[in-house]
Amino acid sequence: MTGARIEFEADVFSSTGYTLVVDGAAQSHVDAIDPTHLFFEYARRIGNALDGLAPAGRAIRVLHLGGGGLTLLRYLAATRPGSRQVAVDVDADVVRAVLERMPLPAGEPVEVRVADARSEVARIGERFDAVVLDVYRGLDAPAFVDAPEFLGSCLGLLDPAEPGILVVNVADAAGGPRLAAQARGIARADPGAEVLAA
């Protein structure tokens, strides 16, 4: 998405929060001083799901598909120091702007890759405790994120030795068509997978 208009809007609720806005659409919120402050409800829900994976403070391994402001990566670096995290975002301009404005946490085993999520999932050679799927182009998710093949590849990255989770941010319309598509895709990818909608 070369040439996108990238802005950081100051938070009216705190002096240290910023909202990443790309082409007029709010993408994510980051508190530059307190990364444990998850402002958007969807981020809090994902944070809660990740909190339940292991006892408080224990390091986990997480793949973030869709980077945005790297909000959840920063959250886990603060709440679970030493967590191995890989964030993947297709937009090099957004990644560069975010890292210039708010560098990655020092000393943490975190990595940001500029790549297409579908390609990266197919080639990555690691296992994770959680895969966070939050891939959008503007306000719309690309069609591949509902595909059983892609969702199966995401599920395949979870460590079979540990109970892992695939967490999906689904922005939806009335009636839940995207949620239904995601649930169908997961069921086709792995009929034994349990699906919880929050």
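Quick one: in segment 4-15, of everything that is open to solvent by 80 Å² or more (accessible area, probe 1.4 Å) and part of a loop (DSSP other than H, G, I, E, B), which residue is nearest to Tyr136 (Cα to Cα)?
Arg5
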When residues of segment 148-177 are limited to those that are more than 21 Å from Asp51 (Cα to Cα) and either among the polar types (S, T, N, Q) or under 18 Å from the mean Cα position of the chain (by Cα) (or both), the one surrounded by the most Cβ atoms within 10 Å (Cβ to Cβ): Leu151
Can we say Ala180 is in a loop (DSSP other than H, G, I, E, B) and open to solvent by less than 50 Å² (accessible area, probe 1.4 Å)? no
Condition set assigned to a strand (DSSP E or B) and out of contact with any helix residue (DSSP H, G or I) (no Cβ under 8 Å at 6 or more places or on another chain), scope segment 16-29, selection nearest to Val94 (Cα to Cα): answer is Val21
With the condition kept exactly as written, say whether any residue in segment 126-145 is among the hydroxyl-bearing types (Ser, Thr, Tyr), more than 22 Å from Glu41 (Cα to Cα) and either open to solvent by 30 Å² or more (accessible area, probe 1.4 Å) or at pLDDT below 90 (or both). no
Provide a single number: the residues in segment 183-198 that are in contact (Cβ under 8 Å) with a residue 24 or more places away in the chain and open to solvent by less than 40 Å² (accessible area, probe 1.4 Å). 4
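The values are calculated or read from the model by the stated rules, or taken from the named source; none is laboratory data. No experiment lies behind these values; they were computed from the predicted model shown. With ideal geometry, Cβ positions are generated from the backbone for all residues, glycine too; neighbour counts draw on all protein chains shown. Side chains are part of the model used for accessible areas, which takes the heavy atoms of the whole protein and leaves out ligands, DNA and RNA. Shrake-Rupley method; radii C 1.70, N 1.55, O 1.52, S 1.80 Å.
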